[in-house]
Amino acid sequence: MMMHHYKEALEDARKSVALDNTFVKGYIRIVKCSLALGDIITAENAIAKVQELEPNNISLAPEISKIAVAKRFMEEGDKAYNKQDYRKVVFCMDRALEQVSCVKFKLIKGECLAFLNRYQEAQEIANDILHVDKQNADAVYVRGMCLYYQDNVDRAFSHFQHRAKALKQKKEEGNEAFKASRLAEAYNLYTEALRIDPHNSLTNAKLHFNRATVSSKLGRLNESVADCTAALKLDETYLKALLRRAKCYMDLNDFDEAVRDYEKAVKMDKSRENKRLLQEAKLSLKKSKRKDYYKILGIDKNASTDDIKKAYRKRALVHHPDRHASASEVEKKEQEKKFKELGEAYGILSDSKKRARYDSGQDLEDMEGDVDPNNVFQTFFADPGAGGQFSFSSGGFPAGFTFQF
């Protein structure tokens, strides 16, 4: 970083967090390198990770502020560019560069200077960048524009040809790295390819999708979602990107969004597989909104019948209302609620047929609400195989029964 080799620094920073995904300093380096390279999305994702790991960390406050200002000027610059107000774009890029000194902003400024016939300034920007990065196709493009507009067509053609070759080469290098499972390298190559020609929508949509695929394999699901979204903005019919985003939402347990994406996918392609994925997403959404009986009993989904009985015995004795007779009304209601849920959980998970239906997500509504928790408790403790042979009083506990914890 001190030598301004930001690509190499970024690669090392990514490797550091791949080895230790809680390494805050590594994410901070990613932020700084990404900003130097003009990749605000990656910087923001790394900032989010730092805030997740250390909510009180204020070391990135200056970068967060700079990003907010730079993004505002970028947005204004985009609007001005679309209106062909290139003087305003140059102004916006200068303001953005005051916050984040990155190649991307410089090249946008250089391109607009060329449109304004300020060729000498534009060429100086391009030459400075090419002095550091000879393969930077965007800089080649800006220099080529200057040559073209100055009627040096032959040299301009050579520059533009180089740009197309550079894009093709970077994309192929990324594909090769991905096939060889060099995922961090593939991610960086796709990122470099995305910088080559911001106006090549269809190619960039594929590059965003490819990078999303890499991110998902690296476990960076939010980054994958962001890239899929970017791909769909460039090509709203991109089914693969839609399906990839839906899968990421499933892995993130964001089932509402997953259902929305799969519904769109089915409209685009009514294949049996897409319909199956939609049904799975709907079922997962339905499951996510119901009570988690395994969690209530404190067991995993592979628990045996004995595990279920042991868990119920332990928790039912803790939450039985009789044990909290002297508690406040609020506490009594809370314990009654937990005791009732325990009865529901045991009543379903201890019955193999009901458990199978619960696990498959079928008839969930029919299995809740009719369970008397006291009856479950008494039946359980009256069962010799469940841990006791007692005769019960009307209050729920056997005469002379005492809690043992």
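When only residues in the range 67-107 that are within 18 Å of THR42 (Cβ to Cβ) and charged (D, E, K, R) count, which is surrounded by the most Cβ atoms within 10 Å (Cβ to Cβ)?
Only one residue tops the list, namely LYS104.
Step by step: first the residues of the range 118-139, then only those that are of a type outside the set (A, V, I, L, M, F, W, C) and under 17 Å from LEU167 (Cα atoms), then the one that is surrounded by the most Cβ atoms within 10 Å (Cβ to Cβ). Which residue is that?
Narrowing the range 118-139 to residues of a type outside the set (A, V, I, L, M, F, W, C): 118-121, 123-124, 127-128, 131, 133-136, 138.
Restricting the remaining residues to those that are under 17 Å from LEU167 (Cα atoms) gives 133-136, 138.
On the way: ASP133: 13, LYS134: 9, GLN135: 13, ASN136: 21, ASP138: 24.
Checked the range 118-139; the qualifying residue surrounded by the most Cβ atoms within 10 Å (Cβ to Cβ) is ASP138.
Condition first: part of a helix (DSSP H, G or I), surrounded by fewer than 17 Cβ atoms within 10 Å (Cβ to Cβ) and under 20 Å from the mean Cα position of the chain (by Cα). Can you find one or more residues in the range 197-214 that meet it?
No - not one qualifying residue is present in the range 197-214.
Being out of contact with any Phe, Trp or Tyr (no Cβ under 9 Å at 6 or more places or on another chain) and without any contact (Cβ under 8 Å) to a residue 40 or more places away in the chain narrows it down to one of LEU252, LEU285, so name that one.
When all the criteria are applied, what remains is LEU252.
Quick one: which of LEU283, LEU317 is closer than 30 Å to ASP254 by Cβ and assigned to a helix (DSSP H, G or I)? Walk me through how you get there before you give the answer.
On the way: LEU317 fails: closer than 30 Å to ASP254 by Cβ.
Checking each option against the conditions leaves just LEU283.
What are the pairs with Cβ atoms under 8 angstrom where one residue, in the range 139-154, is in contact (Cβ under 8 Å) with a residue 12 or more places away in the chain and the other, located anywhere, is open to solvent by 90 Å² or more (accessible area, probe 1.4 Å) and part of a loop (DSSP other than H, G, I, E, B)? Sequence gap at least six, or different chains.
Cβ pairs passing all conditions: TYR149/ASN117.
Report whether or not ALA36 is at pLDDT 90 or above, in a helix (DSSP H, G or I) and either open to solvent by 80 Å² or more (accessible area, probe 1.4 Å) or not charged (D, E, K, R) (or both). Don't jump to the end; show me each part of the working.
Details: at pLDDT 90 or above: no; in a helix (DSSP H, G or I): yes; either open to solvent by 80 Å² or more (accessible area, probe 1.4 Å) or not charged (D, E, K, R) (or both): yes.
Judged against the criteria, ALA36 is not a match.
Assess whether ASP370 counts as being under 30 Å from LEU285 (Cβ atoms), modelled with pLDDT under 85, touching a helix residue (DSSP H, G or I) at 6+ places or on another chain (Cβ under 6 Å) and exposed (fewer than 13 other Cβ atoms within 10 Å of the Cβ). Please lay out each step first, then the result.
Numbers: under 30 Å from LEU285 (Cβ atoms): yes; modelled with pLDDT under 85: yes; touching a helix residue (DSSP H, G or I) at 6+ places or on another chain (Cβ under 6 Å): no; exposed (fewer than 13 other Cβ atoms within 10 Å of the Cβ): yes.
No, not satisfied.
Among (1) over 23 Å from LYS337 (Cβ atoms); (2) under 25 Å from the mean Cα position of the chain (by Cα); (3) polar (S, T, N, Q); (4) surrounded by fewer than 13 Cβ atoms within 10 Å (Cβ to Cβ), there is one condition SER271 misses while meeting the rest; what is its number?
(2)
As an exercise: evaluate GLY219 against (1) under 22 Å from ALA186 (Cα atoms); (2) part of a helix (DSSP H, G or I) and give the number of the one condition it does not meet.
Condition not satisfied by GLY219: (2).
Run GLN99 past the list (1) on the phi > 0 side of the Ramachandran plot; (2) in contact with a Lys or Arg (Cβ under 7 Å, 6 or more places away or on another chain) and report the number of the one that doesn't hold.
(1)
Taking the condition of a type in the set (S, T, N, Q), open to solvent by less than 70 Å² (accessible area, probe 1.4 Å) and either under 16 Å from ASN45 (Cβ atoms) or in contact with a helix residue (DSSP H, G or I) (Cβ under 9 Å, 6 or more places away or on another chain) (or both), does THR237 pass?
Numbers: of a type in the set (S, T, N, Q): yes; open to solvent by less than 70 Å² (accessible area, probe 1.4 Å): no; either under 16 Å from ASN45 (Cβ atoms) or in contact with a helix residue (DSSP H, G or I) (Cβ under 9 Å, 6 or more places away or on another chain) (or both): yes.
Spelling it out, it is not the case that THR237 is of a type in the set (S, T, N, Q), open to solvent by less than 70 Å² (accessible area, probe 1.4 Å) and either under 16 Å from ASN45 (Cβ atoms) or in contact with a helix residue (DSSP H, G or I) (Cβ under 9 Å, 6 or more places away or on another chain) (or both).
Working only within the range 215-228, note down all residues that are within 11 Å of the chain's Cα centre (by Cα), open to solvent by 30 Å² or more (accessible area, probe 1.4 Å) and not hydrophobic (A, V, I, L, M, F, W, C).
Selection gives GLY219, ARG220, ASN222.
What do you reckon, is LEU277 assigned to a helix (DSSP H, G or I), out of contact with any His (no Cβ under 6 Å at 6 or more places or on another chain), at pLDDT 95 or above and open to solvent by less than 40 Å² (accessible area, probe 1.4 Å)? Write out each step before concluding.
On the way: assigned to a helix (DSSP H, G or I): yes; out of contact with any His (no Cβ under 6 Å at 6 or more places or on another chain): yes; at pLDDT 95 or above: yes; open to solvent by less than 40 Å² (accessible area, probe 1.4 Å): yes.
Against the criterion (assigned to a helix (DSSP H, G or I), out of contact with any His (no Cβ under 6 Å at 6 or more places or on another chain), at pLDDT 95 or above and open to solvent by less than 40 Å² (accessible area, probe 1.4 Å)), LEU277 qualifies.
So, in the range 160-196, of the ones that are aliphatic (A, V, I, L, M) and surrounded by fewer than 20 Cβ atoms within 10 Å (Cβ to Cβ), which residue ends up nearest to ALA137 (Cα to Cα)? If you could, list the steps in order and put the result at the bottom.
Of all residues in the range 160-196, those aliphatic (A, V, I, L, M) come to 164, 166-167, 177, 180, 183-184, 186, 189, 193-194, 196.
Narrowing the set further to residues that are surrounded by fewer than 20 Cβ atoms within 10 Å (Cβ to Cβ) leaves 164, 177, 180, 183-184.
Working: ALA164: 8, ALA177: 21, ALA180: 26, LEU183: 23, ALA184: 22 Å.
For the range 160-196, the residue satisfying everything is ALA164.
Only one of (1) more than 16 Å from PRO198 (Cβ to Cβ); (2) open to solvent by less than 30 Å² (accessible area, probe 1.4 Å) fails for VAL142. Which number is that?
(1)
Would the range 170-188 turn up any residue that is outside any loop (DSSP other than H, G, I, E, B) and over 30 Å from LEU19 (Cβ atoms)?
No, that holds for no residue.
Provide a single number: the residues in the range 43-92 that are in contact (Cβ under 8 Å) with a residue 60 or more places away in the chain and among the polar types (S, T, N, Q). Talk me through it step by step, then tell me what you get.
Taking the range 43-92 and keeping what is in contact (Cβ under 8 Å) with a residue 60 or more places away in the chain, we get 45, 48.
Still in the running and among the polar types (S, T, N, Q): 45.
So the answer is 1.
Find the residue count for the range 286-314, including only residues that are in a helix (DSSP H, G or I), of a type in the set (Lys, Arg) and open to solvent by 70 Å² or more (accessible area, probe 1.4 Å). Lay out the reasoning, then the answer.
To start, the set of residues in the range 286-314 that are in a helix (DSSP H, G or I) comprises 286-288, 293-297, 305-314.
Then drop every residue that is not of a type in the set (Lys, Arg), which leaves 286-287, 295, 309-310, 313-314.
Then keep just the ones that are open to solvent by 70 Å² or more (accessible area, probe 1.4 Å); that gives 286, 295, 310, 313-314.
The number of residues fulfilling the criteria is 5.
Which pairs have Cβ atoms under 6 Å, sit 6 or more apart or on different chains, and link a residue in the range 309-333 that is under 27 Å from ASP351 (Cα atoms) to one that is open to solvent by 70 Å² or more (accessible area, probe 1.4 Å)?
Pairs that qualify, where the first residue is under 27 Å from ASP351 (Cα atoms) and the partner is open to solvent by 70 Å² or more (accessible area, probe 1.4 Å), are HIS319/LYS338; PRO321/GLU336.
Rundown of residues vs (1) at pLDDT 95 or above; (2) open to solvent by 20 Å² or more (accessible area, probe 1.4 Å); (3) aromatic (Phe, Trp, Tyr), yes/no style:
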| position | (1), (2), (3) |
| --- | --- |
| LEU232 | yes, yes, no |
| ALA246 | yes, no, no |
| ASP254 | no, yes, no |
| ASP261 | yes, no, no |
| LYS264 | yes, yes, no |
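The values are calculated or read from the model by the stated rules, or taken from the named source; none is laboratory data. Everything numeric here is computed off the predicted structure, so don't read it as measured data. Because the Cβ atoms are built from the backbone with ideal geometry, glycine has one as well, and the counts that use them run over all protein chains shown. Ligands, DNA and RNA are stripped out before the accessible areas are found, and what is left, the full protein with its side chains, is counted by its heavy atoms. Shrake-Rupley method; radii C 1.70, N 1.55, O 1.52, S 1.80 Å.
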